[in-house]
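Throughout, read-outs are computed from the coordinates displayed, never taken from laboratory work. In this text, all values refer to a predicted model and were calculated from it rather than measured experimentally. Heads up, the Cβs are rebuilt from the backbone with ideal geometry, glycines too, and the neighbour counts pull from every protein chain shown.
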Amino acid sequence: MSTRMLRISHSQVRVYRDPEELALKAARLFARMADQYVIGCGRFTVALSGGSTPKAMFSILAGEPFLDTVPWSSIYFFWGDERCVPPDHPDSNYRMTRETLLSKVPVPAENVFSIPAELPDPTKAADEYAATLTRFFLAGPGATKTGTAPLSNLPRFDLVFLGMGPDGHTASLFPHTAALQAGERIVVANHVEKFRAHRITLTASTINNARNVTFLVAGEDKAETLKGVLEGPYQPDVYPSQLIRPGNGALLWMVDEAAARLLSESKQG
Ligand code: 6PG
């Protein structure tokens with residue numbers, strides 16, 4: 001069965017049979033982009049998300065043919081969001097990535113920039129990560145060739161992977177939370193009432209400054225929200241995923257049939 005492509009408003013949507021096919025296609029996209037940016041710019045910068053689909057993609061990337069062909073030593077890894085836990089905690093997005101991918105591929109330790117979410121003060125953790133990003137994108141390896149976007153102090157990732165929760169959140173931008181109003185800040189600590197906890201998250205501005213943003217969304221429980229996000233009225237307080245509209249970059253939704261179930265076949269915008 002071939003991939004269905006939809007164009008809804010300003011978004012490109014690709015629909016895959018099931019979460020397995022979605023994870024494989026996402027792994028291929030990662031590998032292709034890594035090649036393209038390493039050849040063109042000498043490095044590839046990617047921000048990863050937590051969630052089940054990325055996890056499946058990471059396991060695929062840790063095996064052949066990717067293990068031997070991806071230019072691992074020129075890839076720089078960052079995270080879009082993190083729970084406020086130490087890096088060895090079962091809820092840590094960093095830990096999940098280390099276990100499924102980073103410990104299995106030849107990525108130098110200095111290429112991995114995890115969020116210091118173990119710090120007791122979430123605001124300090126967010127500020128430190130923002131400073132790390134600023135340093136890297138202004139003066140890190142390859143910065144002279146790529147760097148930040150003109151007229152912007154925001155980092156410019158080559159690729160940001162995002163998931164979407166059934167409530168429409170993405171990264172740790174949850175409905176009706178303060179981080180939705182973070183303006184041009186790079187990273188913020190966001191209090192999420194339903195967890196009675198803080199999360200650390202890239203802001204929508206940072207995500208929207210990326211060259212490529214790719215959502216990975218699978219599952220029946222996302223169908224209604226996906227339709228609301230892509231085809232409903234703009235109400236980002238309700239559906240924070242609607243905030244994601246890269247100003248000078250490409251937005252791609254990779255979704256499975258179950259999540260795409262309610263989408264119009266094609267609706268030009
Ligand atoms: C996290 C995330 C989060 C996630 C979505 C979707 O740390 O939880 O980064 O935004 O991507 O909740 O998760 P699933 O793909 O597992 O549904």
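For the stretch 28-172, taking the reciprocal of the average inverse distance between every pair of different Cα atoms yields a Kirkwood hydrodynamic radius of 15.8 Å.
As a test, work out the antiparallel percent of DSSP beta bridges whose residues both lie in the chain, rounded to the nearest 5. Around 40 percent antiparallel, to the nearest 5.
If I take every Cα pair under 8 Å that is 6 or more residues apart in the chain, average their sequence separation and divide by the length, what percent do I get for the relative contact order?
It comes to 23 percent, rounded to a whole number.
From helices alone, the chain scores -8500 deg cm²/dmol at 222 nm; the rule is -39500 (n - 2.57) for each run of n ≥ 4 DSSP H residues, then divide by the residue total.
Over the stretch 1-113, with a single point scatterer placed on each C-alpha, what log10 of the ratio I(q)/I(0) does the Debye formula yield at q = 0.10, 0.11, 0.17, 0.23 1/Å? Debye output, listed in q order: -0.32, -0.39, -0.90, -1.35.
The length gained on full extension between ARG261 and GLU224, counted as 0.36 nm times the residue separation minus their Cα-Cα distance, comes to 12.5 nm. Its Cα gyration tensor gives the stretch 87-167 an equivalent ellipsoid. The semi-axes, each the square root of 5 times an eigenvalue, are 23, 17, 15 Å from largest down. Within the chain, the ratio Rg/Rh, alpha carbon atoms throughout and Rh by Kirkwood, equals 0.94. The residue list GLY247, LEU263, PRO233 was ranked by how far each Cα lies along the charge dipole of the stretch 229-268 toward its positive end, using unit charges on Cβ atoms, and GLY247 comes out on top.
Shown here: the stretch 136-226, whose C-alpha atoms stretch 43, 26, 20 Å along the first, second and third principal axes, sorted largest to smallest. This model, with +1 at the C-beta of Lys and Arg and -1 at the C-beta of Asp and Glu, gives the chain a dipole about its Cα centre of some 620 debye. Please list, in order, the residues from the stretch 216-260 whose amide nitrogen is less than 16 Å from a point placed 7 Å along the Cα→Cβ vector of GLU193. From the stretch 216-260, the list is 237-240. Applying the criteria of a DSSP loop state and at most 12 other Cβ atoms within 10 Å to the chymotrypsin sites (Phe, Trp or Tyr not before Pro) of the stretch 134-234 yields TYR234. Run through the stretch 173-269 and list the GluC sites (Glu not before Pro) located in a DSSP loop whose Cβ has at most 16 other Cβ atoms within 10 Å. Those satisfying the criteria are GLU184, GLU265. Charging the Cβ of each Asp and Glu at -1 and of each Lys and Arg at +1, and nothing else, the dipole of the stretch 4-51 about its Cα centre rounds to 180 debye. Note on the stretch 70-188: with charges restricted to the Cβ of Lys and Arg (+1) and Asp and Glu (-1), its dipole about the Cα centre is near 360 debye.
Distance from the Cα centroid of the stretch 40-112 to that of the stretch 154-168 is 15 Å (rounded to whole angstrom). Projecting the Cα atoms of SER9, SER59, ALA26 onto the charge dipole of the stretch 1-131 (Cβ charges, centred on the Cα centre) puts SER9 farthest toward the positive pole.
Expressed in nm to one decimal, what extension gain is obtained for the pair ALA139 and SER73 from 0.36 nm per residue of sequence separation less their Cα-Cα distance?
21.9 nm
May I ask for the net charge around GLN36, where only other residues with Cβ less than 13 Å from the Cβ of GLN36 are counted and Lys, Arg are +1 while Asp, Glu are -1?
Overall, the nearby charge balance is +2.
What ranking, highest mean first, results for peptides 200-208, 45-53 when packing means the other Cβ atoms within 10 Å averaged over each residue?
Top of the packing list down: 200-208, 45-53.
Both numbers refer to the Cα atoms of the stretch 181-269; Rg and Dmax are 14.3, 41 Å. Semi-axes of the equivalent ellipsoid for the stretch 43-101, computed as √(5λ) from the eigenvalues of its C-alpha gyration tensor and ordered from largest down, come to 21, 13, 9 Å. Volume per residue for the stretch 103-261 equals 138 cubic angstrom (convex hull of Cα atoms).
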